[in-house]
Structure formats: structure tokens, C-alpha cells
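The values are calculated or read from the model by the stated rules, or taken from the named source; none is laboratory data. What you are looking at is a predicted structure, and each value in this text was computed from that prediction instead of being measured. In case anyone asks, the SASA skips ligands and DNA or RNA and just uses the protein heavy atoms, side chains included. Shrake-Rupley method; radii C 1.70, N 1.55, O 1.52, S 1.80 Å.
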Amino acid sequence: TEMWIKSTSTPPINTYILGYYFGGSNGWLTYMAATNAISQWISNSIRVTSSTTLANSTWYHVVATYDGANSKTYINNVLTTTANVTSPTSSASGLAFGASSTGAGFYPGYMQDVAIYNYALNSSQVGAHFNNKNTINVCRSSTTLSNNVWYYIGALWDGTNSSLFVNGRQECAN
């Protein structure tokens, strides 16, 4: 996963940023610990927490990778954690942005340019994405999202151009 985040306050508990829960102790999750540190959870309760504490009101580029054997976390193009972990097994459940599937653990802040890949970015790719942050074609929604309302959000990116859809309506393309 890859994203830019900016916290507005320190969370009182561990808060979901982005994750996919398979049920039981299976899945993956990038979250902010109550200490403002980025953590990854991958199956079987394996947690890898960065020693880097993020300041509130500051944008950070966060990349969490898993290549089938190793979990890595990069913050602003710096590798902050690496660990050997077991592979998540799959079963049914859903993707969560900013809170758990039960609505607990709300992330107090902003996320933008969220990307989920079907492969682990390598350090060169992480660096290129971080260093080219102002040259990537970004498509932003004009829709204001309300609390406690479900939205269907879809995005397409072909490596150069992006399109964004909210509730089936195309918001932008570039």
C-alpha cells in the first residue's frame, strides 16, 4: 500500500489507516499506533512498528510492502521497519479505509493518493514515487464525504492517467 497521510491529532487508540481483514487472525493492516508511529499487522498478530513518530499537521508519504516473506515500511522514502513474516491466508471480508469494518478505530486525519498494488514496491519505486510527488497526474474529488454515509469510490490509473468515480459518477480524469 502507498499513501500520503496527515494526522490532525494523536489517536487515543490504535487506528486503522488501510487494511484488509480475512477473519480470525488473518489479513493485513497499516495503522497508526496511539504513539503516532506507523505499524503493520500481518496475520497471526505479527506487528511491526516504526520507531519514527509522526508529527500532527504534517504530510507523510507512507509505503507498506509485503513480498510474501518480508514486511517493510517506508516513511518519506526512508526504510523504517523490516521483518520476516508469514503469509496471510484468504477468506471473505472487506477492505477498510480510515476505520475498521466495525467502525472502530477512526483515523484522525487525511489520506490522499492511496494506492494498493498486487506486488511489493521495491526501494527504487518507493523513491521514484516520493521524489515525483509533484509530477504525478493526480485526480481529486470535488465531493465532500460525510460521516456515517457509505460511498462507492472507484479509481483507475494506467501508470500515467487517472480517473476517479464517486457513487458511479466520474469526478475527474487527467
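Assuming 0.36 nm per residue, please report the length gained on full extension of the stretch residue 144 to residue 116 beyond their Cα-Cα distance.
7.8 nm
Would you list 163, 51, 43 from the most to the least accessible area, probe 1.4 Å?
The ordering from most to least exposed comes out as 51, 163, 43.
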